[in-house]
Structure formats: structure tokens, C-alpha cells
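Here, each number is a calculation from the coordinates, and none is a lab measurement. Being a predicted model, the structure only gives us computed values, none of them experimental. Virtual Cβ from ideal backbone geometry, glycine too; neighbours counted across all protein chains shown.
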Amino acid sequence: MTFDLFDPLPADADAPAVDNLGPGAMVLRGFAREAAPALLAGVGEVSAGSHFRHLITPGGLRMSVAMTNCGQRGWVSDRSGYRYDEIDPDSGQPWPSMPRPFLDLAVRAADAAGYAGFAPDACLINRYLPGTRLSLHQDRDELDLRAPIVSVSLGLPAIFLWGGLRRADRPARVRLAHGDVVVWGGPSRLVFHGIAPLAAGDHPLTHGERINLTFRKTR
Ligand code: MD6
Ligand code: FE
């Protein structure tokens with residue numbers, strides 16, 4: 001089955017179906033489509049133990065993306081900075097373990113992209129509602145920058161902003177649809193990126209939301 005027929009947004013004219021983003025970075029179109037129902041069930045289980053929350057940036061701003069984590073370590077932000085923590089500061093407990101379908105998908109996607117032996121110890125789960133955005137940033141809180149990041153898009157489509165190695169580099173706009181997986185590492189590992197404000201829509205599996213899973217090896 002394909003959900004493209006139900007896709008609520010027309011293809012953005014500014015966002016061609018780019019598959020190669022740059023050296024070491026690519027979009028695997030539809031790679032997670034079959035696994036999506038199991039992945040979304042996993043998101044429900046994880047968020048029952050460690051709920052979605054809006055983190056506060058070190059600058060004191062409330063993030064519009066709601067986040068939770070699973071795996072050995074979770075990414076958190078507060079007034080003191082960004083870090084990976086083995087304990088969910090809200091529950092006081094370790095993060096829920098990574099559901100098997102998450103790990104399987106992440107390892108298969110990394111392998112398909114040329115990164116054999118990917119061993120993620122953290123999965124950040126982002127939830128977007130219409131209007132939610134993620135401003136340009138680098139993922140640089142991981143100790144081992146040789147490992148790639150695997151990022152899975154579920155539900156409503158989004159425009160991914162793919163910049164350069166300098167914050168001022170003007171970002172390309174790449175449409176990410178349900179089931180698309182972005183893998184990046186190597187020379188692109190520290191590229192600035194973000195998500196444009198989410199457009200409203202209705203997806204058969206997630207209704208009015210977009211869910212993103214990003215898998216990392218943090219140490
Ligand atoms: C998102 N993704 O797609 C946000 N970071 O919702 C990210 O910030 C991201 O997709 C590093 C690597 C891949 C990503
Ligand atoms: Fe990121």
C-alpha cells in the first residue's frame with residue numbers, strides 16, 4: 001500500500017525530490033513505510049513511560065517541538081545547556097528502552113546508506129503540530145562524530161531545511177514525506193538543518209501530526 005495517494009499537501013515547488021543531499025548525506029525515500037505502523041506503536045509505548053514535553057533552551061525559550069527519548073541516553077535541554085542524560089528528568093527514571101522495530105529500522109537504513117555497523121544508543125522523538133518549527137541547528141552533542149544520524153519521518157510531510165557548514169549558508173528546501181529516512185554523516189555530519197513551520201493536514205496514521213525519530217550514537 002502507498003499513502004502517497006492520500007498525501008494532504010501538493011509537492012512544494014521549492015522542494016524537489018532530492019535524494020542526495022551532499023557527501024555522506026541522503027534521503028532514502030519511503031524506506032520506513034512498511035515499518036511505520038510498528039514504529040508508531042513504539043512511539044505510543046515510549047511516550048506512555050516518558051511523555052512528550054516542550055524543553056526550554058539555554059536561552060530560556062520554550063521549544064515548539066515536543067520531545068521524548070528512548071534508549072540508553074536521551075537528549076535534554078534546560079537553562080544549564082544541552083546534554084545527553086541516562087535519566088528522564090521529568091520521570092526520574094531511565095528512558096524507556098528502544099523498541100526492537102526502531103533499532104532494526106535504524107541499523108538497516110544506516111547500512112543501506114553505506115554506514116555498516118551503526119549502533120545507536122539514543123533515539124530522540126520529535127512531535128510536530130501545525131505551525132511547529134525547528135530552527136537551524138547543528139547536532140554536535142554526540143562524542144563520536146564518525147557515526148551517522150538516521151532520521152525517520154512519519155505522518156504529515158515537512159520541509160526540511162538543509163544548509164551548509166556555516167550558519168549563514170542559505171538552506172535548500174527538501175520535502176520529507178511519511179516513511180522517508182534521512183541518513184547523514186561523514187563530511188556532512190555538522191551541516192546546519194531545521195524544519196520549516198509544519199503545514200496542517202490529515203494523515204491516515206498520525207492525523208494532524210508529524211513524528212520524527214532521530215537515532216544517534218552519543219559516545
Ligand atoms: C526533524 N531533524 O526531521 C528534525 N538532526 O524533525 C533533525 O533535527 C535532524 O533529521 C540530525 C540529523 C537528522 C535530522
Ligand atoms: Fe538535528
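A compact table of results
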{"item": "Those residues of region 50-98 which are without any contact (Cβ under 8 Å) to a residue 40 or more places away in the chain, crowded, with 16+ Cβ neighbours inside 10 Å, touching a Pro at 6+ places or on another chain (Cβ under 8 Å) and farther than 28 Å from Pro130 by Cβ, in sequence order", "result": "Met98"}
{"item": "Every residue from region 204-219 that is in a loop (DSSP other than H, G, I, E, B), in contact with a Phe, Trp or Tyr (Cβ under 9 Å, 6 or more places away or on another chain) and either among the basic types (Lys, Arg) or more than 16 Å from ligand 2 (Cβ to nearest atom) (or both)", "result": "Pro204, Leu205, Glu209, Lys217, Arg219"}
{"item": "Whichever residue in region 162-176 is surrounded by fewer than 21 Cβ atoms within 10 Å (Cβ to Cβ) and within 15 Å of ligand 2 (Cβ to nearest atom) and, among such residues, is farthest from Val27 (Cα to Cα)", "result": "Arg167"}
{"item": "Residues that are surrounded by 15 or more Cβ atoms within 10 Å (Cβ to Cβ) and either closer than 14 Å to Leu134 by Cα or free of Cβ contacts under 8 Å to residues at least 60 places away in the same chain (or both), drawn from region 177-212", "result": "Phe192, His193, Gly194, Ile195, Ala196, Leu198, Ala199, Arg210, Ile211, Asn212"}
{"item": "Residues (closer than 15 Å to Arg210 by Cα and of a type in the set (Lys, Arg)) located in region 27-52", "result": "Arg33"}
{"item": "Tally, over region 107-127, of residues that are buried (at least 22 other Cβ atoms within 10 Å of the Cβ), among the aliphatic types (A, V, I, L, M) and under 20 Å from Val46 (Cβ atoms)", "result": "4"}
{"item": "Check on Asp180, near ligand 1 (Cβ under 10 Å from one of its atoms) and among the acidic types (Asp, Glu)", "result": "yes"}
{"item": "Members of region 161-176 found to be without any contact (Cβ under 8 Å) to a residue 40 or more places away in the chain and in a strand (DSSP E or B), listed by number", "result": "Leu161"}
{"item": "Qualifying residue in region 120-135 (condition: within 11 Å of ligand 2 (Cβ to nearest atom), under 18 Å from Leu21 (Cα atoms) and not basic (Lys, Arg))", "result": "no"}
{"item": "Of all residues in region 128-161 being of a type outside the set (Ser, Thr, Tyr), within 9 Å of ligand 1 (Cβ to nearest atom) and surrounded by 15 or more Cβ atoms within 10 Å (Cβ to Cβ), the one that is nearest to the chain's Cα centre (by Cα)", "result": "Val152"}
